[in-house]
Amino acid sequence: MDMQLVFDWAWLPRLSDGLIVTMQLTGACLAGGAALGLLLSLARVYTRGPVYWLASAYVQFFRGTPLLVQLMIIHFGLPTVGIRFEPFISGVVAMGLNTAAYQAEYFRGAIQSVRSGQTLAARSLGMSPLQTVRYIVLPQALRLVIPPWSNELVYMLKYSSIVYMIGVSDLMGVGRTISARSFRFLELFIVVAMMYLAVVLILTFALRWLERRVHVPGLTTTGRRG
Amino acid sequence: MTAEIWSQVWQFTPTLLWAMLINVQLLLALIALGLVTGVVVALIEVYSPRPLAALALAYEWFFRGVPELVLLFLFYFGLTQMGMDISPFFAAVLALGFRSSGYQSQIFRGAIQSVPPGQLMAAHSLGMGTMKTIRYVILPQALRLSIPPWSNEFSAVFKDTTLAYGIGVVEIVRQARYISVRNFPLTLPVFILVAFMFLVLTYLGNWGLGRLEQRLHVPGLETHAKRGEAREL
Amino acid sequence: MNSDSADHLLRVEDVHKRYGREEVLRGVSFTMERADTKVIIGASGTGKSTLLRCINKLTDPDQGRVWLENQEITGRRAPVNRIRSQMGFVFQDFNLFTHLPALDNVRIGPQRVKGIRRREATTLAQEALATVGLKEKAQSYPAQLSGGQQQRVAIARALAMSPKLMLFDEPTSALDPELIGEVLEVMVKLAKEGMTMLVVSHEMGFARTVADEIIFMEGGVILEQAPPESMFRNPQHKRTGEFLRKISDLYGESE
């Protein structure tokens, strides 16, 4: 192993291009996943019948099967029925659909941990169910969801590396390309690993800061106050 | 998708099941490696002097912070580059196993710390040394408390065995790719079948672990344990 | 100094212990003979529990020495675990092993520490449970027992090791009042059968009926040490009298 190569910054510009793609991918899928996940969680908490069952089946399917299989279905499977995406878009769609299922569960847990007295009090003021959700439940639930959500962010950042398999030049993909030519697998992937670790570290601190920023005294996940 | 296509897919089911057996073998090997390493790392984190404990925490942090694929590449191509003759399957066991140990150690650490300190004192008062206390008092409780979060880890790493595709292990996704490349119209149904196999096996695995939890249940021991909804705890 | 240690069952010599800036024990010495029962009393925070823990080294004394017969537990290379296995310890909050039924809680010491065969260890454990009157609860888990029953199992656990000395650290203070009696009853029985016992307790009734001697601790030292009747009738120190009056008002005297 040639440690010189690790600290030689020659690879950095190209790897940084890859890192930007990785972050775009992660950001896009998380945003889409949050929107869809929130809808799914509301369906799972506040509806009954077909809507509830559909949302539950969705969550079951996407949590119960590997992300890679989902990516294969979307990128290679859907073209057989005439639906084609660019590799990057396939990545966003697969990861977005996947993370939506997980985020739905975080949202659901957070919504259900908002104490029922809060809803009662809102209704007693004359709020409609929608207003209750909008002004009382969600502001509390969204704060509670930050810790598991931070976890999910780190997961998606790491999982986004699978898109190199369908030809996206993300951080992993660029690393793969350079290493295949230079045969410096070890040094190169140590650099790649450190770049992922650095982003994970920055994001973790940023989200902790956010959590403290929006913290409200007495609002805790454990619901110890019953 | 017509009935004809599905009957064609049906022919490939045995091939796919054989490939799934690779995933299952990979799962068993890596989860065992992760279990043993995870318990050791957790014990070091809780009981060893500070520098060693810090090292164990750094280990945990590294294996939890780096993508699986990067680890797979590091272990397979990295070790090969260093002159070691290592099969993709074995590299996958090491990479995914050590990664899993980073998660499992966190599970066990939490469980170990939830054994009340008074019981450790009671064990010492009977004349048990550290090893006996760990063996007869801490681990029997900690391992039981770990089962629910461990089930989460179990189904997560089962799905992640597919990532061994990246270093050329002929597991189920790669086998499905081989089939679909030669039979383009079958691509969608083949991968749906693969997804379905995962659903069934994950369900069976969780059911089995639920049974295990019931069998090992001890009244009064469940109080400290929390069930997680997260991907892994 | 070492020569006469063997004459006493327990010999505690000039034990000191400090936590941070606070010196909890400031030189405690006393001895116990076989079949003695001594009760340590004193206000909370005067180092009674710390003293008890220093005796079997669950807490490390900063200074001072402790012998069980002729074995010094405070020695640098002392076989601490072997000496501990000859001293039973009963905790205020029982500390039964959550994952083991009563019988296994009692059996684990003889089997795993002393290396006694499972079948014999089982017999020992059953006998110990019978002594505390809980033979029929052998298969119950701690969570399925009342506090008083848990403490009796804990006593059986210590007893099954055939200890030369039993240390009780406020064994009844975590119990509901109606459950205290059953635990004290077991302790009285043990004392009458000749067990050597050192008990930290506020149960004056127990102290008066069973103790050969009461040790009154204050500010990390032994202030006074005397047979119960003489201490109650004629305390040598003003503080002793005050404490005894206060404690009698609080707990009453169940005689």
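Quick look at the numbers
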{"item": "Share of alpha-carbon pairs per 10 Å distance bin for chain C, given as whole %", "result": "7, 30, 36, 22, 5, 0"}
{"item": "Segment B:1-129: relative contact order in percent, alpha carbon pairs under 8 Å with at least 6 residues between", "result": "36 percent"}
{"item": "Spherically averaged projected area in nm², based on the convex hull that wraps the Cα atoms of chain A", "result": "15.8 nm²"}
{"item": "Max mean-square fluctuation residue, GNM over chain B, Cα-Cα springs under 10 Å, options B:Leu120, B:Leu35, B:Leu94", "result": "B:Leu120"}
{"item": "Per-residue [θ]222 nm for chain B (sum of -39500 (n - 2.57) over DSSP H runs n ≥ 4, rounded to 500)", "result": "-24000 deg cm²/dmol"}
{"item": "222 nm mean residue ellipticity, helices alone, for chain C (DSSP H n ≥ 4; -39,500 (n - 2.57); rounded to 500)", "result": "-10500 deg cm²/dmol"}
{"item": "Rounded D (µm²/s) - the protein assembly as shown, Kirkwood Rh over Cα pairs, Stokes-Einstein at 37 °C, 0.692 mPa s", "result": "109 µm²/s"}
{"item": "Ranking of B:Val194, B:Val170, C:Val200 by count of other Cβ atoms within 10 Å, fewest first", "result": "B:Val170, C:Val200, B:Val194"}
{"item": "Inter-label distance, nm, simple model (7 Å from Cα along the C-beta direction), C:Arg117/C:Leu250", "result": "5.1 nm"}
{"item": "Cβ-based exposure ranking for B:Met128, A:Met23, in which fewest neighbours within 10 Å come first", "result": "A:Met23, B:Met128"}
{"item": "Dipole in debye (nearest 20) - the protein assembly as shown, about Cα centre, beta carbon charges: Lys, Arg +1; Asp, Glu -1", "result": "1220 debye"}
{"item": "Stokes-Einstein D in µm²/s, Kirkwood radius over Cα pairs - segment C:69-153 at 4 °C with 1.567 mPa s viscosity", "result": "93 µm²/s"}
{"item": "Relative contact order %, chain C, counting alpha carbon pairs below 8 Å whose residues are six or more apart", "result": "24 percent"}
{"item": "Neighbour cut-off at most 14 other Cβ (10 Å), DSSP loop, chymotrypsin sites (Phe, Trp or Tyr not before Pro), segment A:114-213", "result": "A:Phe183"}
{"item": "Relative contact order computed over segment A:9-214 (Cα-Cα under 8 Å; 6+ residues apart), in percent", "result": "30 percent"}
{"item": "Estimated distance in nm for a label pair at C:Lys238 and C:Arg34, the labels positioned 7 Å out from Cα along Cα-to-Cβ", "result": "4.4 nm"}
{"item": "Histogram of C-alpha separations across segment C:119-220, 5 Å bin width, %", "result": "2, 12, 23, 24, 19, 12, 5, 2, 1, 0"}
{"item": "Near-label residues of segment B:172-194 by backbone N, under 19 Å of a point 7 Å along Cα→Cβ of B:Thr13", "result": "B:172-173, B:175-177, B:179-180, B:186-194"}
{"item": "Peptide B:164-170, shielding by other chains (average Cβ, 10 Å cutoff)", "result": "2"}
{"item": "Span per principal axis, largest first, for the Cα atoms of segment A:98-201 (Å)", "result": "69, 25, 15"}
{"item": "Once exposed loop trypsin sites (Lys or Arg not before Pro) are cut out (DSSP; at most 16 other Cβ, 10 Å), longest piece of chain A", "result": "A:116-223"}
{"item": "Cβ-based net charge around C:Gly47, under 11 Å, with every Lys or Arg adding one and every Asp or Glu removing one", "result": "+2"}
{"item": "Exposure proxy order (Cβ contacts within 10 Å, fewest to most) of C:Thr37, C:Thr123", "result": "C:Thr123, C:Thr37"}
{"item": "Inter-probe distance in nm under a simple model that places probes 7 Å from Cα toward Cβ, at C:Ala130 and A:Gln24", "result": "8.2 nm"}
{"item": "Stokes-Einstein diffusion coefficient of segment B:3-232, Kirkwood radius over Cα pairs, 10 °C, 1.306 mPa s, in µm²/s", "result": "81 µm²/s"}
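Each value in this text was obtained by applying a stated rule to the coordinates, not by laboratory testing. On a predicted model such as this, the values are computed, not experimentally measured, just so you know. Counting neighbours? That spans all protein chains shown, and the Cβs are built from the backbone with ideal geometry, glycine included.
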